[in-house]
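Undergrad: Sharing a structure below in structure tokens format, with a few things to ask.
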Number of protein chains: 2
Amino acid sequence: MNETLPRPRLSTIGSMRTDALLKKLLSLSAHEDITSFAVGLPNPDGFPIEETAEAAQYVLKTMGRRALQYSATEGEPELREAIAAYETSRGTPTRPEEVLIVTGSQQALDLTARAFVDPGDKILVENPTYLGAVSAFSLSRPRFEFLPADAEGLDPEGITEDMKDAKFAYVMPAFSNPTGLTISLERRKRLVERARELDLWIIEDDPYGELWYEKRPPQTIRSLAPERTLRLGTLSKILSPGMRLGYVTGDPELLDVLAELKLSADMHSPVLTQLIAARLLTTGVIEKNLPAVRKIYRDRGTFMLACLEKYMPRDAGISWTRVEGGMFIWVTLPEHIDAMKLMPEAIAAKVSYVPGAACFALGDKKNHMRLSFVTVPEERIDAGVRALAGVIARHL
Amino acid sequence: MNETLPRPRLSTIGSMRTDALLKKLLSLSAHEDITSFAVGLPNPDGFPIEETAEAAQYVLKTMGRRALQYSATEGEPELREAIAAYETSRGTPTRPEEVLIVTGSQQALDLTARAFVDPGDKILVENPTYLGAVSAFSLSRPRFEFLPADAEGLDPEGITEDMKDAKFAYVMPAFSNPTGLTISLERRKRLVERARELDLWIIEDDPYGELWYEKRPPQTIRSLAPERTLRLGTLSKILSPGMRLGYVTGDPELLDVLAELKLSADMHSPVLTQLIAARLLTTGVIEKNLPAVRKIYRDRGTFMLACLEKYMPRDAGISWTRVEGGMFIWVTLPEHIDAMKLMPEAIAAKVSYVPGAACFALGDKKNHMRLSFVTVPEERIDAGVRALAGVIARHL
């Protein structure tokens, strides 16, 4: 800021700034010449636009005064009921009073951190884990400790006694961001056993569970341990991220704590979008639309895997996750290759990605890339993977 | 919670609970037999419902993919431009890059507190002040200190040297919640002078400025001190609170700090509602609708003032603010009357209000009531004020 102007007197968290280098690299890759495997957007071909327009008309014509008025922090009754029914139909018994509507599941991460974490408190996360969760949690200044993992992802066998004083364990059970991995049923059960032994709370963040290619992921952690799980869901991938509607399910008394924080954070989520979403759920639009959404993800995902198979150097210590759903593939390079340092070369070759270091809560591993693909047309996936393989090959 | 269930391991702020007695009393007053002067809702007769439905159609038909997709944290360019034009047209020169869109101005309060305040930091507020601001600020655990005031409200003359280490001064300049008072131009100028002398930041929260009955309030504090003011505005009173759209205007570098916190809090505000609001601003719907909105507020406000004149006991040390805009009247009772203790009697007489103690950051004054009126029909205002006067009279 200009020296002659007053300088804001920022707080500790107001003074934190995210990685400027990463931001700059990612903004460089936002050029249309560049095939971006960096951006994790859903494919808008899956959005039910016309039905949303109809639902908006229905809501504004039949309950316009209500749709534009203040309302309850917990969320609109119709939407809480529809979400409860949706969760129940997928094997997680849920009552409407066990649902809190939030402004995207990002808000659930923020509220959860604020409700549980004082500065210095221990929380358990996978490593790598979802960047947005790390950002939200970081504002409460916790100590991050890492859940044990192997090539299949989270390995609950390695959860140690000294983890019992953690405020919670945060896990993404299906088609994880960034790894694309899914926790098996056996491991989910073992995780729940260990959580009971150590009296641990679990935050289950499941935005991608419905985006399976061939078969559904195993039953949810909340269905296995409803007494100690807060489950985070979202309409961002099955309806629209731009509507910013997510939800938390769990014990109503704990949801009251989150709701009280939400009252201070934004009072309630917009009524208009909530009522539109409730209408799209109760009239079956979302259910009917899901197979088409899954097909988009499956087609692009399997095509991307085939391209990696085709172009990546062989026998060179490069591996990637064989994803079975969702929107991310995680590439592991030989340890001497720093994916962040590779970025300028990749951008010169007209392809980009998220350097894996951004997804580690302590940024300690450099030889990974997160690739997303659902908004990239097949011919560009092919060309992009070939270009990327070429850049990597020069460093082997 | 049930003793056999795991207990959540809440943080300090997760363990804070708001006043349960007040909540219970207010929920008792939510019965349709009871004339509520407690609820601060805008009158839905002022909502442009049909035009909103048209705007929703326009947005979804012409840019549906964009309206339903993720977007930038700062807000949609059209809406930032429209807000900048709106603010500029009202005498506060504002460029689009000086506008951050938020999920209701409540979110601006939350982000501001997080950006500026560490636990124990001093902030300056009026006393009484807006309850929602106190709630949001409290989550950062500040030390509240009180801006000096007299019967006209904030009195900048009394701002002392030791206030210079405050993180900011929070003021509601026009038709304040809860007092209904407006800071005069002379006092605004003096406030700005003192702020410059002490290098103080000002948070100007102005949700009601457009709701004037006969004449506009004086020029905004941001227009007087753009270099040290963050100005909070909202579409809640001039369009719809249910859409949860507010904004912050100020130095773009400081808005970047807020935007980074917002990215963790909810990524961005819903695109659909932002584009609808932009359409309603750029097509002149909001401007055209404003006189009708003002008329609702003016008619009810002047009627309420007449009823107070008619029914309140005379020469008994009871006074109230002669409001010239907005939606609140602040009643001062003789000091021995506790407005909270009066509530059960008032509810028995079928009338309710907000006990003033809820609006004091330290809850130290008990002999006040906040009355709101814009959603109450005239015949009920008359009967309600008469009943309330009767309850008060019994305690004189």
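The values are calculated or read from the model by the stated rules, or taken from the named source; none is laboratory data. All figures in this text were calculated on a predicted structure; none of them were measured in a lab. Please note: Cβ atoms are built from the backbone with ideal geometry, for glycine as well, and neighbour counts cover all protein chains shown. Areas reflect the complete protein model, heavy atoms only, side chains present, ligands, DNA and RNA absent. Shrake-Rupley method; radii C 1.70, N 1.55, O 1.52, S 1.80 Å.
Undergrad: Residue by residue through A:108-116, how many Cβ atoms from other chains fall within 10 Å of the Cβ on average?
TA: Counting other chains' Cβ atoms within 10 Å and averaging over A:108-116 gives 4.
Undergrad: Still on this structure: Using the 7 Å Cα-to-Cβ label point, sort the distances from A:V39 to its equivalents in the other copies shortest first and give them in nm to one decimal.
TA: Reported distances to equivalent positions: 4.3 nm.
Undergrad: Hey, another quick one. What do you get for Rg/Rh of chain B when both radii come from the Cα atoms and Rh is the Kirkwood radius? Before the final figure, lay out each step's value.
TA: Numbers: Rg = 21.4 Å, Rh = 22.1 Å.
Ratio of gyration radius to Kirkwood radius: 0.97.
Undergrad: Could you pull out which residues in the range B:358-375 have an amide N less than 18 Å from a spot 7 Å beyond the Cα of B:D299, following the Cα-Cβ vector?
TA: B:373-375
Undergrad: Accessible area per residue, 1.4 Å probe, Å², for the protein assembly as shown: what's the number?
TA: Values: 29150 Å² over 792 residues.
Spelled out: the 1.4 Å probe surface of the protein assembly as shown, per residue, equals 37 Å².
Undergrad: Roughly what % of DSSP beta bridges within chain A run antiparallel, to the nearest 5?
TA: Close to 55 percent.
Undergrad: Calculate the spin-label point distance for A:E345 paired with B:D199, positioning each point 7 Å from the Cα along the beta-carbon direction, and give it in nanometres.
TA: So the two model labels end up 4.8 nm from each other.
Undergrad: Any chance you could check the Cα centroid distance between the range B:56-88 and the range A:129-175 for me, in angstrom?
TA: Comparing the Cα centres of the range B:56-88 and the range A:129-175, I get a distance of 37 Å.
Undergrad: Quote the charge dipole size of the range A:49-283 about the Cα centre in Debye, to the nearest 20; the model charges only the Cβ of Lys and Arg (+1) and of Asp and Glu (-1). Don't skip to the end; give the middle numbers.
TA: Values: 27 positive and 37 negative charges, 102 e Å.
Charge dipole, the range A:49-283, about its Cα centre: 500 debye, nearest 20.
Undergrad: Excluding residues on the same chain fewer than 8 positions from B:K295, give the aspartates and glutamates whose Cα lies under 20 Å from its Cα.
TA: The reachable aspartates and glutamates, counting only those whose Cα sits under 20 Å from B:K295, are B:D45, B:E50, B:E51, B:D206, B:E210, B:E214, B:E287, B:E324, B:E378, B:E379, B:D382.
Undergrad: Another question, if that's okay. At R0 = 35 Å, how high is the FRET efficiency between A:R65 and B:M16 if r is their beta carbon distance? Nearest 0.05 is fine. Mind showing how you got there, number by number?
TA: On the way: r = 34 Å, r/R0 = 0.97.
The computed FRET efficiency comes out at 0.55.
Undergrad: For chain B, modelled as a Gaussian network with Cα springs under 10 Å, which listed residue fluctuates most, B:T220, B:T92, B:T12?
TA: Result for chain B, Cα springs under 10 Å: B:T12 fluctuates most.
Undergrad: Could you give the size of the charge dipole of chain A about its Cα centre, using +1 on the Cβ of each K and R and -1 on the Cβ of each D and E, expressed in debye and rounded to the nearest 20? Numbers along the way, then the final one.
TA: Working: 48 positive and 54 negative charges, 158 e Å.
Taking the Cα centre of chain A as origin, the dipole is about 760 debye.
Undergrad: What distance in nm separates the two pseudo spin-label positions at B:E287 and A:A85, each 7 Å out from Cα along the beta-carbon direction?
TA: Computed distance between label sites B:E287 and A:A85 equals 4.5 nm.
Undergrad: In addition: If you bin the C-alpha pair distances of the range A:49-283 every 5 Å from 0, what whole percents do you get?
TA: Taking every Cα pair in the range A:49-283, the percentages come to 1, 7, 14, 19, 20, 16, 11, 7, 3, 2, 1, 0.
Undergrad: Partner chain Cβ atoms within 10 Å, averaged over the residues of B:254-266 - can you pull that number for me? Write down the numbers at each step before the final one.
TA: Values: counts 7, 0, 1, 8, 1, 0, 6, 8, 2, 5, 16, 13, 16.
The shielding value for this peptide is 6.
Undergrad: Sort all Cα-Cα distances of the range A:240-280 into consecutive 10 angstrom bins from zero, then give the percent of pairs in each bin up to the one containing the longest distance.
TA: All Cα pairs considered, the percentages come to 25, 49, 26.
Undergrad: When Rg is the radius of gyration of the Cα atoms in the protein assembly as shown and Rh is its Kirkwood radius, what does Rg/Rh come to? Walk me through the intermediate numbers first.
TA: Values: Rg = 27.2 Å, Rh = 27.7 Å.
Expressed as Rg/Rh, it is 0.98.
Undergrad: If you count, for each residue, the other Cβ atoms within 10 Å and average over each peptide, how do A:250-260, A:172-182, B:373-383 line up from highest to lowest?
TA: Values: A:250-260: 20.1, A:172-182: 26.2, B:373-383: 18.4.
Those peptides, ordered most packed to least, come out A:172-182, A:250-260, B:373-383.
Undergrad: To continue, here is another question. For a Förster distance of 25 Å, can you work out the FRET efficiency between the beta-carbons of B:K164 and B:D256, rounded to the nearest 0.05?
TA: Details: r = 26 Å, r/R0 = 1.03.
Calculated value: 0.45.
Undergrad: While we're looking at this one, here's another question. Can you compute the FRET efficiency between A:D45 and A:L5 using 1/(1 + (r/R0)^6), with r the Cβ-Cβ distance and R0 = 56 Å? Round to the nearest 0.05. Spell out each step's value before the answer.
TA: On the way: r = 47 Å, r/R0 = 0.83.
In this case the efficiency is close to 0.75.
Undergrad: For the range A:164-244, which trypsin sites (Lys or Arg not before Pro) are both in a DSSP coil and crowded by at most 13 other Cβ atoms within 10 Å?
TA: Values: sites: A:K164, A:K167, A:R187, A:R188, A:K189, A:R190, A:R194, A:R196, A:K215, A:R222, A:R228, A:R231, A:K237, A:R244; in loops: A:K167, A:K215, A:K237, A:R244.
Those satisfying the criteria are A:K215.
Undergrad: Want the number for B:Y213 to B:E157: 0.36 nm per residue separation, take away the alpha-carbon distance, what's left?
TA: Values: separation 56, 0.36 × 56 = 20.16 nm, distance 2.83 nm.
Answer, rounded to one decimal: 17.3 nm.
Undergrad: What number comes out for the charge environment of A:L139, summing +1 per Lys or Arg and -1 per Asp or Glu over other residues with Cβ under 9 Å away? Could the numbers behind the result be given before it?
TA: On the way: positive: A:R114, A:R141, B:R114; negative: A:D110.
Here the charged neighbours net out to +2.
Undergrad: Sticking to Cα atoms, compute the Rg of the range A:78-157 to one decimal and its Dmax as the biggest Cα-Cα distance, whole number, in Å.
TA: Cα radius of gyration and Dmax of the range A:78-157 are 15.5, 42 Å respectively.
Undergrad: Specify the angular offset, from 0 to 90 degrees and rounded to the nearest 10, of the alpha carbon long axis of helix B:378-393 from the longest principal axis of the alpha carbons in chain B.
TA: The answer is roughly 50 degrees.
Undergrad: For the range B:182-257 and the range B:327-382, what is the centre-to-centre distance using only Cα atoms, to the nearest Å?
TA: When both Cα centres are located, 27 Å separates them.
Undergrad: With point charges of +1 on the Cβ of Lys and Arg and -1 on the Cβ of Asp and Glu, referenced to the Cα centre of the range B:49-287, which listed residue (B:L181, B:A151, B:T94) lies farthest in the positive direction of the dipole?
TA: Farthest along the dipole direction, towards plus: B:T94.
Undergrad: Compute the distance in nm between two label points, each set 7 Å from the Cα along the Cα-to-Cβ direction, one at B:E97 and one at B:S184.
TA: 4.0
Undergrad: Could you tell me which of the pairs A:K310/A:K350; A:K24/A:K350; A:K164/A:K262; A:K23/A:K237; A:K24/A:K262; B:K24/B:K341 are separated by over 22 angstrom between their Cα atoms in the structure shown?
TA: Values: A:K310/A:K350 19 Å; A:K24/A:K350 16 Å; A:K164/A:K262 28 Å; A:K23/A:K237 24 Å; A:K24/A:K262 32 Å; B:K24/B:K341 13 Å.
Pairs exceeding the cut-off: A:K164/A:K262; A:K23/A:K237; A:K24/A:K262.
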